[in-house]
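Step one of this worksheet: look at the structure below.
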Amino acid sequence: MAARPAPRVDKVVTSGTFSIDGEDFDVDNNIWIVGNDEECIVVDAAHDHEPIVEGVAGRKVVAVVCTHGHNDHINAAPDLADAVSAPIWLHPSDAMLWDEIHPDRPVDAPLTDGQVIAVGGRRLKVIHTPGHSPGGITLHDADAAMVFGGDTLFNGGPGATGRSFSSFATIIESIRDRILPLSDETVVHTGHGDDTTIGDEAPHLDEWVARGH
């Protein structure tokens with residue numbers, strides 16, 4: 001059997017404000033466009049839909065997939081969905097975060113643990129990875145050995161907790177039980193900053209737990 005072709009993965013970076021618990025932070029967000037030359041999904045529509053539309057470059061967008069509901073990952077989702085005629089998908093446990101930002105625009109469909117998203121000859125499995133938020137998810141392409149993890153796991157450790165609807169114990173459980181068991185060569189495409197791999201991060205789990213944040 002012929003090997004499945006490598007996926008096309010395009011990265012767009014946008015800048016804006018992350019707002020939570022009455023505080024604002026300037027952030028750069030990674031938007032991932034995954035598929036092939038004909039169709040794709042957009043992972044996290046952040047801040048400004050226009051550069052994301054440019055990155056899509058006329059392809060069919062199967063869905064705008066939200067890894068979680070924090071405003072800096074969803075604030076451009078409705079404009080992007082309208083521009084490319086695509087549905088918006090989000091895990092229902094983050095509905096309260098979505099509704100705070102887009103009270104008049106419901107998401108189009110829920111993401112569920114174990115769901116498989118087929119796009120451009122790829123199969124990406126939805127893994128529910130709560131902790132940074134209750135509805136955080138990670139997308140896993142096993143054939144290509146890569147994940148799109150939003151703000152669950154970064155180059156250097158777990159995503160931030162200590163804010164509303166977040167939990168350090170829960171994010172550690174998600175990383176330990178659902179992400180780190182993946183192969184060491186699995187590339188982690190993050191919501192902010194540089195990529196990493198499972199092999200680079202796994203040895204530091206005990207350090208994160210000891211640090212407690």
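The values are calculated or read from the model by the stated rules, or taken from the named source; none is laboratory data. All values reported here derive from a predicted model rather than from experimental measurement. A quick note on method: Cβ atoms are made from the backbone with ideal geometry, for glycine too, and the neighbour counts reach across all protein chains shown.
Annotations
- Every residue from the stretch 70-79 that is in a helix (DSSP H, G or I) and not charged (D, E, K, R): Asn71, His73, Ile74, Ala77, Pro78
- Single match in Ala160, Ala169 (criterion: over 20 Å from Asp44 (Cα atoms) and among the hydrophobic types (A, V, I, L, M, F, W, C)): Ala169
- When residues of the stretch 18-54 are limited to those that are over 17 Å from the mean Cα position of the chain (by Cα) and among the polar types (S, T, N, Q), the one farthest from Val119 (Cα to Cα): Ser19
- Unique residue being more than 18 Å from Gly150 (Cβ to Cβ) and either buried (at least 22 other Cβ atoms within 10 Å of the Cβ) or hydroxyl-bearing (Ser, Thr, Tyr) (or both) when the list is Ser19, Ser93, Ser85: Ser85
- The residue that is surrounded by the most Cβ atoms within 10 Å (Cβ to Cβ), counting only those in the stretch 22-49 that are among the charged types (D, E, K, R) and touching a residue at least 12 places away in the same chain (Cβ under 8 Å), is Asp44.
- Screening the candidates Asp82, Asp143, Asp104 for the property of being of a type in the set (D, E, K, R), closer than 18 Å to Ile41 by Cα and in a loop (DSSP other than H, G, I, E, B) yields one hit, Asp143.
Each row is one residue, and each column tells you yes or no for (1) outside any helix (DSSP H, G or I); (2) within 18 Å of Leu124 (Cα to Cα); (3) modelled with pLDDT under 95.
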residue: Ala6; (1), (2), (3): yes, yes, yes
residue: Asp10; (1), (2), (3): yes, yes, no
residue: Gly16; (1), (2), (3): yes, no, no
residue: Asp28; (1), (2), (3): yes, no, no
residue: Trp32; (1), (2), (3): yes, yes, no
residue: Cys40; (1), (2), (3): yes, yes, no
residue: Gly58; (1), (2), (3): yes, no, no
residue: Val61; (1), (2), (3): yes, yes, no
residue: Val64; (1), (2), (3): yes, yes, no
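- Verdict on Thr161 being over 18 Å from Gly114 (Cα atoms), touching a strand residue (DSSP E or B) at 6+ places or on another chain (Cβ under 6 Å), of a type outside the set (A, V, I, L, M, F, W, C) and modelled with pLDDT of 95 or more: no
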